[in-house]
Structures are given as structure tokens and as C-alpha cells.
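The values are calculated or read from the model by the stated rules, or taken from the named source; none is laboratory data. In this text, all values refer to a predicted model and were calculated from it rather than measured experimentally. As a convention, Cβ positions derive from the backbone with ideal geometry for all residues, glycine included, and neighbour counts pool all protein chains shown. Protein only, heavy atoms only, side chains kept; ligands, DNA and RNA dropped before computing areas. Shrake-Rupley method; radii C 1.70, N 1.55, O 1.52, S 1.80 Å.
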Amino acid sequence: MKWIKQFLTRVKELELYRQTITYEPVTSTEVMVDGRKYLMLASNNYLGLTHHPAVQAAAIEALRKHGTGSGGARLTTGTHPLFEELEKRLAEFKGTEAALIFNTGYMANVGVISALADKEDVIFSDEINHASIIDGCRLSKARTFVYRHADTHHLQELLANTPCQGQRFIISDGVFSMDGDIAPLDKITKLAEAYAAIVIVDDAHATGVIGPGGKGTAAYFGLDSRAMVQIGTLSKALGAEGGFVAGSHELIDFLKNKARSFIFSTALSPASIAAALAALKELSSQPGMAQKLRDNAAFMRTSLVTAGLPVVEGDTPIIALMVGEAELALKMTAALKEHGIIVSAIRPPTVPQGTSRLRLTVAAGHDQAELAAAAEKIILTAYQLGIIAR
Ligand SMILES: *Cc1c(COP(=O)(O)O)cnc(C)c1O
């Protein structure tokens with residue numbers, strides 16, 4: 001197994017070595033490491049629902065009443081009634097007939113794409129789509145064409161020039177996980193109509209974040225959500241775990257029979273589903289919840305852009321600060337950690353060579369004083385490392 005050692009040596013040399021880091025969450029925006037408290041600017045827990053009293057209480061109650069695990073897959077061991085309640089709520093939330101829960105957003109993408117698309121079909125996929133979309137495309141065996149990021153002209157060119165015997169699909173993140181920009185879903189759906197393609201949108205970072213009431217990308221553009229397949233996750237803004245797909249009754253029925261990551265995996269625990277259900281109820285009863293998040297995101301963005309930092313343009317709580325080299329991204333996160341701030345360094349292969357970045361995420365639970373102080377430290381560190389000139 002010499003190649004394992006060689007691989008590890010190589011990634012270390014390239015500053016691309018990855019290791020898990022242990023943080024103990026103390027609130028939805030702070031973590032503890034070695035007795036020191038840090039401000040968390042790297043979590044997708046956008047609404048702080050992980051620590052919401054009603055969400056915690058629902059999970060605890062389900063745990064006591066129904067036990068820790070589900071005991072098996074939903075088609076064989078049986079489906080807990082909480083799943084049906086959550087699926088009904090998710091469908092209402094997304095404006096569709098039905099929904100289906102998967103164990104993770106990753107499994108939803110892999111399961112849905114590989115169930116829907118086949119050898120004779122063609123997929124058009126944004127070049128910076130999430131890894132789980134890429135894996136779903138590969139598993140489907142459909143021919144996949146990658147269009148330049150958010151470039152609908154390129155997408156149209158590919159649609160026009162690619163003969164297809166089967167079905168065409170266009171797949172995109174709704175909010176791009178590493179750049180934080182929003183897909184041009186209005187233009188994409190127009191092209192889909194013109195070329196009889198099915199749109200699959202992955203709203204992992206859009207659910208609870210963009211659109212009225214946090215309903216996601218289709219709602220953000222005011223599009224008819226029945227015309228597409230919408231994927232989402234329960235693990236980010238909804239503060240629980242699991243993934244889901246929303247669509248027609250027929251689509252959901254089809255997926256129950258065909259999506260292997262749904263069929264062959266043990267269902268999530270009742271406590272996870274109860275938490276997601278309570279979180280969704282909170283979000284639905286307080287549609288303004290996402291507003292504080294937007295205000296905080298705008299505040300942080302403006303602070304960094306005003307100081308001249310190379311921030312990717314966007315309108316979401318994901319703020320990408322382009323630094324270029326992987327080593328520089330690592331230096332920056334290490335320096336910020338010294339200042340008591342946790343941000344992520346995003347490096348290849350997650351993003352293309354030379355586009356390593358700092359990815360910071362803002363949450364509704366941050367207060368603007370702490371964000372202002374963090375912005376000041378980020379700007380100072382960027383000066384010190386030569387990312388911006390004095
Ligand atoms: C996080 C993410 C996923 C995966 O969701 P999990 O629930 O974490 O497995 C899928 N797609 C996108 C765009 C994501 O950002």
C-alpha cells in the first residue's frame with residue numbers, strides 16, 4: 001500500500017492535505033477548542049435552528065418516545081409517521097404535490113439524478129455544481145456536458161448543438177456552495193422550455209435562505225416550482241440532517257421505486273426528523289426569520305468590499321474571499337484563528353487550481369458588533385498577508 005503514503009506526501013507538499021478539526025459547539029455561533037471560545041464564521045447553520053428551544057425539545061421528545069435509531073429502511077422496516085408529516089410539510093413549503101426525504105443532501109442528488117437520467121439521456125451541468133451532483137451524473141451513465149459557470153449563452157449553445165435521443169436535463173445549484181452566487185434560474189427555465197429539458201435545482205444553500213419565507217431559488221425568481229425537480233437539505237438552514245426532493249406525486253412514487261440511495265439505506269432517526277419538522281414549522285410561522293440573515297450578510301459583505309477585499313459578488317450569506325494559492329488560504333485561516341475566528345480555507349479539488357479562497361458564512365444569530373469586529377480582523381489579516389495593498 002505504498003501508493004497511500006505517496007498520495008499523502010504529495011497532497012501535503014501541495015498544501016492540499018485535509019484533516020478533520022474538532023470543535024465543540026457552545027451556541028449556534030460559537031465553538032470551543034482547548035478551553036478557548038471562537039466566533040464561528042464557517043457554519044451552514046444559517047438560522048441558528050440547531051439551538052432553537054422548540055427544535056431541541058421536539059428532538060428530545062421524539063428520542064424518548066421512539067428511541068434512538070429507526071431500525072431499517074423505510075420500504076422494509078416501515079416508515080415512521082413523522083416522515084409522512086415532514087414530507088407533507090416540505091411539499092407545502094416548496095409548492096409541490098409531494099416530497100421524499102433522503103438521509104443526506106448528497107444521497108438525494110446521487111439518488112435522484114441516477115434514477116432519472118440514463119444512458120440515452122443528456123445532462124447539462126454548471127461547471128461549479130456540488131460534488132454530489134457530479135457524482136449523480138457519473139452514476140447515471142448519461143452523457144454530461146459542463147457549461148461555464150452561470151453562463152446561459154454557453155448553455156444554449158450546448159443545448160442547440162447536442163443531439164439527444166432521450167431526455168435532456170439541466171442541473172444547477174440554486175445558491176452555489178463555494179461562490180455564494182445565485183443561479184440564473186429564470187433564464188435556465190426558459191431554455192429548458194425551448195429545448196424540452198427537465199430542470200433539477202439543488203437548493204441546499206437556498207432553503208431557508210433566499211426567496212420569500214426562505215422557500216428557495218424558484219420562489220426567489222417567482223417561477224412555477226411544479227415545472228422542475230427541487231432538491232434540498234435539512235442539514236443547513238433547517239439545523240437537522242437529511243436531504244429531500246420535492247415534485248409531483250408521480251415523481252416521488254418513481255423515486256421510491258428507483259432511487260437506490262433511498263431504497264438501500266436505513267432511515268434517519270425519529271429525532272432527526274422531529275427536529276427538521278420543528279425547524280420547518282418555526283421558519284413557516286416566522287417568514288421574516290431570513291431577513292436578519294440577509295441584513296447580517298449584507299453588512300459583512302459591504303464591510304469587506306469597502307475595504308477593497310476581493311469578494312465574489314453575491315447576495316447570500318456565503319462570502320467567498322479569493323486569495324488564489326492554497327498556502328495563502330491556509331495562512332489566512334490560521335491567522336484568523338489566532339484572532340478567535342473560525343473561517344474555512346477552500347482549496348482544490350473543491351475549487352479549481354489558483355482559486356483557493358476563504359469562505360465565510362454569516363448567520364442570523366450573529367450580532368453586528370461581533371461581525372464588525374470580525375471584519376476588522378479579516379481586513380487587517382488580508383493587509384498583513386499582502387492580499388490587499390496598503
Ligand atoms: C451541502 C450540499 C449538499 C449535500 O447536503 P448534505 O445534507 O450535507 O449531504 C448538496 N448540494 C449542495 C449544493 C450542498 O452545498
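Odds and ends about this structure:
- Label positions at Asp367 and Glu97, each projected 7 Å from the Cα along the C-beta direction, are separated by 5.0 nm.
- Normalised per residue, the volume of the convex hull around the Cα set of the stretch 63-158 (Å³): 147 Å³
- Accessible carbon and sulfur surface of the stretch 279-383 relative to its total accessible area, %, 1.4 Å: 55 percent
- Karplus-derived 3J(HN,Hα) values for the stretch 218-224, using 6.51 cos²θ - 1.76 cosθ + 1.60 with θ = phi - 60°, are 4, 5, 4, 8, x, 8, 6 Hz; glycine and proline are entered as x.
- Taking all C-alpha pairs of the stretch 32-114, those more than 14 Å from each other amount to 79 percent.
- Space enclosed by the convex hull of the alpha-carbon atoms of the stretch 141-280, per residue, Å³: 128 Å³
- Radius 14 Å from Cβ of Ala375, net charge of other residues (Lys, Arg +1; Asp, Glu -1): -1
- Segment Leu75-Ala298, length gained on full extension (0.36 nm per residue, minus Cα span): 75.8 nm
- By the Cα gyration tensor, the stretch 135-200 has an equivalent ellipsoid whose semi-axes, rounded to whole angstrom, run 19, 15, 10 from largest to smallest.
- For Phe244, the residues whose amide H sits under 5 Å from its own are Phe102, Gly232, Thr233, Leu234, ignoring neighbours fewer than 5 places away on the same chain, with H placed 1.01 Å from N.
- Out-of-range pairs (alpha-carbon distance over 25 Å; input Lys88/Lys119; Lys37/Lys377; Lys292/Lys331): Lys88/Lys119; Lys292/Lys331
- With each label modelled as a point 7 angstrom along the Cα→C-beta vector, the Ser248-Gln291 pair spans 3.8 nm.
- Electrostatic bookkeeping for Gln6 treats Lys and Arg as +1 and Asp and Glu as -1; over the other residues with beta carbon under 14 Å from its beta carbon, the sum is +3.
- Rg/Rh for the stretch 279-390 (Cα atoms only, Rh after Kirkwood) is 1.01.
- Think of the chain as having a plus end and a minus end, set by charges on the Cβ of Lys, Arg, Asp and Glu; of Phe93, Val312, Thr50, Thr50 sits farthest toward the positive end of this dipole.
- Using all pairs of distinct alpha-carbon atoms, the Kirkwood hydrodynamic radius of the stretch 215-369 works out to 18.5 angstrom.
- Converting phi to 3J(HN,Hα) with the Karplus coefficients 6.51, -1.76 and 1.60 and the offset θ = phi - 60°, the stretch 186-203 yields 4, 6, 4, 5, 5, 5, 4, 5, 5, 10, 6, 9, 9, 9, 10, 10, 9, 9 Hz in sequence order, with x at every glycine or proline.
- Across the stretch 154-164, rounded Karplus estimates of 3J(HN,Hα) from the backbone phi angles (6.51 cos²θ - 1.76 cosθ + 1.60, θ = phi - 60°) give 4, 4, 4, 4, 5, 4, 5, 9, 10, x, 8 Hz, Gly and Pro being marked x.
- The chain - accessible surface per residue (Å², probe 1.4 Å): 46 Å²
- Volume per residue for the chain equals 160 cubic angstrom (convex hull of Cα atoms).
- With eigenvalues of the C-alpha gyration tensor scaled by 5 and rooted, the stretch 92-207, Å: 20, 17, 14
- The residues neighbouring Leu16, those whose beta-carbon lies less than 15 Å from its own, together hold a net charge of +2 under the Lys/Arg +1, Asp/Glu -1 convention.
- Given Lys94/Lys281; Lys215/Lys236; Lys187/Lys256, the pairs whose alpha carbons are separated by over 21 Å: Lys187/Lys256
- The share of accessible area on the stretch 30-162 that comes from carbon and sulfur is 52 percent, using a 1.4 angstrom probe.
- Efficiency of FRET from Cβ geometry, Arg36 and Val11, R₀ 22 Å, rounded to 0.05: 0.20
- Look at where the Cα atoms of the stretch 184-198 and of the stretch 255-325 average out, and the two centres are 25 Å apart.
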